[in-house]
Amino acid sequence: MDEKIRKLSDIIINYSIKVEPEEKVLITTHSLETIPLIKCLIKDIQAKGASPFIKIINSTLTSLINEKLTKQQIDLLVKEKYYDVNTYDSFITIRYTTNEYEEKYCYTKMRKILDIKSIEADDIKINQRKWILLNYPSVIDAYKAKMKIDEYKEFAFETMTIDYQKLYKDLIPLKQLMEQTNEVKVIGPNTNLTFSIKDMPAIICAGESNIPDGEVYTAPIKESVNGYITYNTPSPYKGNIYHNIKLTFKNGKIIEAVATNDNDKLNEIFATDEGAKYIGEFSLGVNPQILNPVGDILYDEKISGSMHFTPGRAYKDAYNGNTSAIHWDLVLIQRSEYGGGEIYFDNKLIRKDGIFVDDTLNQLNKNT
């Protein structure tokens, strides 16, 4: 495992965020269990002539504070976010899951205010700074994935350290095809959705912002989305997990949202702001080593044969005009064992049951 950790650190520093001399790099971690990776990161950052800084966050204590936020705390937290984006050049965030429900009581009116006031600072970090996000494997991750801890660690580090340069090259034809497409149609169980991506950029994701990675994303024309989609992957959000979310759209806007549990809380999310009712991202997942949900969105949104259709904020490099405090990646797996489904680009079948049928995309069908 030491060799894999060193390899992961090398990928992060020299490929993902490409640290340059004299840069200031902020490493944020949610557990001291991540120290083996952080030690490697510190050495690799210093070897580049840059300066590492560390921030340690305890999710239990932070969630306790966030349950009863005050206006004074919100103002200081927003100032801290601005301080970070104005001080550091690169950001490495290492999450460590201990309890998905830790934030169950945090999504209060005051937390909503914090999210809204943070939009501009978050936008600077996402679109103007270098950053990478990963989830260090934990016992709870292994439990959710139904694996032994050693088995899950092996899976996680193998998946995080794939050949991203090769993946990038393999994804170029999909990017080109998406950028030539006007209308997209998605068909599947309880899903019939149409929208336009005309003239929208398509962005290859191959290890430069997320690890693991493996997707190509764009955004629908904001008011072009019509129909309905039912997601078949469990969807965690701020201390709750939703199942079988179904969204119905009219002229881009969510007009109905239901799930098999907690409909009231679900609709509170889409009431965060006006942008939460519109889609900010459409993406196809293609990581050949991720075939089944593990309960971590960084993995699940990259599942081979999947797509995600994301309510909330659009990224600036594929911007459809939608701004929101939320960006919630909801995943639909279309491989046959998950019910199947079809994706059409301009009435041409592109992917059936998770397998690309266009000859230019055969290289993406490995392991599907």
Every residue from the range 285-313 that is basic (K, R) and closer than 20 Å to I187 by Cα
K302
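For (1) under 28 Å from K246 (Cβ atoms); (2) among the small types (G, A, S), each residue gets a yes or a no:
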site: L134; (1), (2): no, no
site: Y143; (1), (2): yes, no
site: E151; (1), (2): no, no
site: A156; (1), (2): no, yes
site: Q165; (1), (2): no, no
site: Y168; (1), (2): no, no
site: L174; (1), (2): yes, no
site: P189; (1), (2): yes, no
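Name every residue in the range 14-28 that is in a helix (DSSP H, G or I) and touching a Pro at 6+ places or on another chain (Cβ under 6 Å), in order of residue number. Walk me through it before giving the result.
So in the range 14-28, the residues in a helix (DSSP H, G or I) come out as 14-16.
Selection gives nothing.
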So, in the range 255-285, how many residues would count as being closer than 30 Å to A206 by Cα and modelled with pLDDT of 95 or more?
12
Looking at the range 49-70, is at least one residue at pLDDT 95 or above and under 19 Å from the mean Cα position of the chain (by Cα)?
no
Please go through the range 87-99 and pick out each residue that is assigned to a loop (DSSP other than H, G, I, E, B), open to solvent by less than 50 Å² (accessible area, probe 1.4 Å) and of a type outside the set (V, I, T).
Y88, Y96
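To keep it simple, each residue is scored yes or no on (1) touching a helix residue (DSSP H, G or I) at 6+ places or on another chain (Cβ under 6 Å); (2) closer than 25 Å to M160 by Cα; (3) of a type outside the set (V, I, T).
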residue	(1), (2), (3)
K7	no, yes, yes
K18	no, yes, yes
I35	no, yes, no
F53	no, yes, yes
I56	no, yes, no
T62	no, no, no
L76	no, no, yes
E102	yes, no, yes
Y105	no, no, yes
Strands (runs of 3 or more DSSP E) contained entirely in the range 281-366, each with at least 3 residues that are closer than 18 Å to E179 by Cα and not aromatic (F, W, Y)
348-352
For the range 188-203, state whether one or more residues are closer than 19 Å to S304 by Cβ, touching a residue at least 24 places away in the same chain (Cβ under 8 Å) and within 17 Å of the chain's Cα centre (by Cα).
yes
Taking only the range 29-58 into account, find how many residues are in a strand (DSSP E or B), open to solvent by 20 Å² or more (accessible area, probe 1.4 Å) and either among the basic types (K, R) or within 22 Å of E102 (Cβ to Cβ) (or both).
3
Residues of the range 241-280 that turn out to be of a type in the set (A, V, I, L, M, F, W, C) and assigned to a loop (DSSP other than H, G, I, E, B), as a count
3
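Look at E20 and say whether it is surrounded by fewer than 17 Cβ atoms within 10 Å (Cβ to Cβ), in contact (Cβ under 8 Å) with a residue 24 or more places away in the chain and either out of contact with any His (no Cβ under 9 Å at 6 or more places or on another chain) or within 29 Å of D213 (Cβ to Cβ) (or both). Give the derivation first.
Numbers: surrounded by fewer than 17 Cβ atoms within 10 Å (Cβ to Cβ): yes; in contact (Cβ under 8 Å) with a residue 24 or more places away in the chain: yes; either out of contact with any His (no Cβ under 9 Å at 6 or more places or on another chain) or within 29 Å of D213 (Cβ to Cβ) (or both): yes.
Answer is yes for this residue.
Yes/no per residue for (1) closer than 20 Å to I119 by Cβ; (2) without any contact (Cβ under 8 Å) to a residue 24 or more places away in the chain; (3) crowded, with 24+ Cβ neighbours inside 10 Å:
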position	(1), (2), (3)
S283	no, no, yes
L291	no, no, no
G305	no, no, yes
A318	yes, no, no
R335	no, no, no
G340	no, no, no
I355	no, no, no
Across (1) closer than 21 Å to I297 by Cβ; (2) part of a helix (DSSP H, G or I); (3) open to solvent by less than 40 Å² (accessible area, probe 1.4 Å); (4) not aromatic (F, W, Y), K153 clears everything bar (3)
Output the residue which, of all residues in the range 158-174 that are of a type outside the set (A, V, I, L, M) and within 18 Å of the chain's Cα centre (by Cα), is most open to solvent (accessible area, probe 1.4 Å).
Y168
Condition first: in a loop (DSSP other than H, G, I, E, B), open to solvent by less than 50 Å² (accessible area, probe 1.4 Å) and under 29 Å from K39 (Cβ atoms). Now tell me which residues in the range 103-138 satisfy that.
Y136, P137, S138
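Residues are listed down the side, and each one gets a yes or a no for (1) buried (at least 22 other Cβ atoms within 10 Å of the Cβ); (2) more than 25 Å from P293 (Cα to Cα):
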site: G188; (1), (2): no, no
site: D199; (1), (2): no, yes
site: D213; (1), (2): yes, no
site: Y237; (1), (2): no, no
site: I245; (1), (2): yes, no
site: N251; (1), (2): no, yes
site: A257; (1), (2): no, no
site: D262; (1), (2): no, no
site: N267; (1), (2): no, no
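The values are calculated or read from the model by the stated rules, or taken from the named source; none is laboratory data. Just so you know, these numbers come straight off a predicted model, no measurement behind them. Every residue, glycine among them, receives a Cβ derived from its backbone with ideal geometry; neighbour counts consider all protein chains shown. Heads up: the accessible areas ignore ligands, DNA and RNA and are worked out on the full protein's heavy atoms, side chains in. Shrake-Rupley method; radii C 1.70, N 1.55, O 1.52, S 1.80 Å.
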